[in-house]
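Novice: If you scroll down you'll find the structure; I have some questions about it.
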Amino acid sequence: INLASPDERTRDLSLDGLHTELRHAALLGLPWVVLHPGNHMGRGEAAGMAQVAELARRALDEPRSLPAGLLLETTAGQGTSLGHTFEQLAELLERVGVPERVGVCFDTCHVFAAGYDLSTERGYERVMGEFDRIIGIGRLGAFHVNDSVRDCGSRVDRHAHIGRGRLGLTPFRCLLRDPRFARLPKLLETPKSDATRDDWDALNLATLRALAEESITKDTDRRMTRMKRR
């Protein structure tokens with residue numbers, strides 16, 4: 001699905017495909033469909049953004065009885081992809097309208113590759129603060145939780161296992177202890193390989209669960225310390 005495509009056939013097939021995904025989500029009882037805004041294929045960001053907003057709005061308008069909404073995913077900015085800046089995403093949300101049915105999926109690898117350095121505690125707070133200022137934390141509907149093979153600002157979309165890439169463990173620890181996001185779904189898109197016996201999904205989940213438990217323990221220790229002081 002590429003809502004920004006300049007090719008008429010691709011555009012029409014993309015809109016039909018998005019309608020199908022919204023119907024599938026409704027049948028499965030899912031609240032959201034996650035979608036990359038698209039690639040303008042050299043036509044220019046302004047034209048691509050206008051078309052994405054128009055088609056996304058049509059997709060949400062036509063099956064009005066369907067409850068599922070649309071989450072536009074942050075992108076790495078590779079090639080001609082749209083959605084690699086918070087400003088672009090904010091503009092798309094504004095143009096699409098229907099705020100109750102459109103939001104953002106935050107991909108940690110993509111955001112980092114796009115140039116937002118959340119690899120340290122201070123960086124995490126700065127990036128989330130910038131997101132809140134430009135888009136609004138309340139517009140977040142889900143996270144894709146992935147480390148990055150490439151450096152911050154590389155604009156290369158290549159995922160790594162949790163804690164084994166350029167992000168390291170710190171931003172995931174911050175994310176898992178952030179009460180604002182405790183109830184939001186967080187999904188792995190880490191690499192898969194048939195060449196190893198390791199179950200990488202299980203290993204990545206174990207790493208994330210350990211970080212979550214560590215965060216809970218630290219929060220409990222802090223509360224106990226405050227109570228003792230009183």
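Novice: At 222 nm, what value in deg cm²/dmol follows for the chain if DSSP H runs of at least 4 each add -39500 (n - 2.57) and the sum is divided by all its residues, to the nearest 500?
Specialist: After summing the helix terms and dividing by the residues of the chain, the value is -15000 deg cm²/dmol.
Novice: Taking all protein chains as present, what is the carbon and sulfur share of the accessible area of the chain, in % to the nearest whole number, probe 1.4 Å?
Specialist: Within the chain, the accessible surface is 49 percent carbon and sulfur.
Novice: Let me ask something additional. Nearest 20 debye, what's the magnitude of the dipole of region 1-90 about its Cα centre given +1 on Lys and Arg Cβ and -1 on Asp and Glu Cβ?
Specialist: My answer is approximately 120 debye.
Novice: While we're on this one: Run through region 41-119 and list the chymotrypsin sites (Phe, Trp or Tyr not before Pro) located in a DSSP loop whose Cβ has at most 10 other Cβ atoms within 10 Å.
Specialist: none
Novice: Write down, largest first, the equivalent ellipsoid semi-axes of region 54-160 in whole Å, where each equals the square root of 5 times an eigenvalue of the alpha-carbon gyration tensor.
Specialist: Ellipsoid semi-axes (Å, largest first): 26, 15, 12.
Novice: Counting Lys and Arg as +1 and Asp and Glu as -1, each charge on the Cβ, what is the dipole of the chain about the Cα centre in debye, to the nearest 20?
Specialist: Computed charge dipole of the chain: roughly 1140 debye.
Novice: What is the antiparallel percent of DSSP beta bridges lying wholly in the chain, to the nearest 5?
Specialist: 15 percent
Novice: Can you give the Kirkwood hydrodynamic radius of the chain from its Cα pairs, in Å with one decimal?
Specialist: That comes to 18.7 Å for the chain.
Novice: Between the alpha-carbon centers of region 94-166 and region 1-78, tell me the distance in whole angstrom.
Specialist: When both Cα centres are located, 19 Å separates them.
Novice: Same structure again: Roughly how much of residue 192 is accessible, in Å² to the nearest 10, using a 1.4 Å probe?
Specialist: Solvent-accessible area, nearest 10 Å²: 130 Å².
Novice: Same structure again: Using only the Cα atoms of region 125-207, each taken as one equal point scatterer with no solvent, compute I(q) by the Debye sum, divide by I(0), and report log10 of the ratio at q = 0.14, 0.15, 0.17 Å⁻¹.
Specialist: -0.54, -0.62, -0.79
Novice: Please give the per residue accessible area of the chain, computed with a probe of 1.4 Å over protein heavy atoms only, in Å².
Specialist: Normalised by residue count, the accessible surface of the chain is 53 Å².
Novice: Find which of 17, 144, 28 sits farthest along the positive direction of the dipole of the chain, computed with +1 on the beta-carbon of Lys and Arg, -1 on that of Asp and Glu, about the Cα centre.
Specialist: It is 144, whose Cα lies furthest towards the positive end.
Novice: Here's another thing I want to ask about it. What spacing in nm lies between the two simple spin-label points modelled at residue 45 and residue 201, each 7 Å away from Cα in the Cβ direction?
Specialist: With each label placed 7 Å out from Cα toward Cβ, I get 3.6 nm.
Novice: If you don't mind, there's one more thing I want to ask. What residue among 109, 68, 124 has its Cα farthest toward the positive end of the dipole of the chain, where the charges are +1 on Lys, Arg and -1 on Asp, Glu, each on the Cβ?
Specialist: 124
The values are calculated or read from the model by the stated rules, or taken from the named source; none is laboratory data. Keep in mind that what you see is a predicted model, and the values were worked out from it rather than measured. Virtual Cβ from ideal backbone geometry, glycine too; neighbours counted across all protein chains shown. Surface areas here come from the heavy atoms of the whole protein model, side chains and all, with no ligands, DNA or RNA. Shrake-Rupley method; radii C 1.70, N 1.55, O 1.52, S 1.80 Å.
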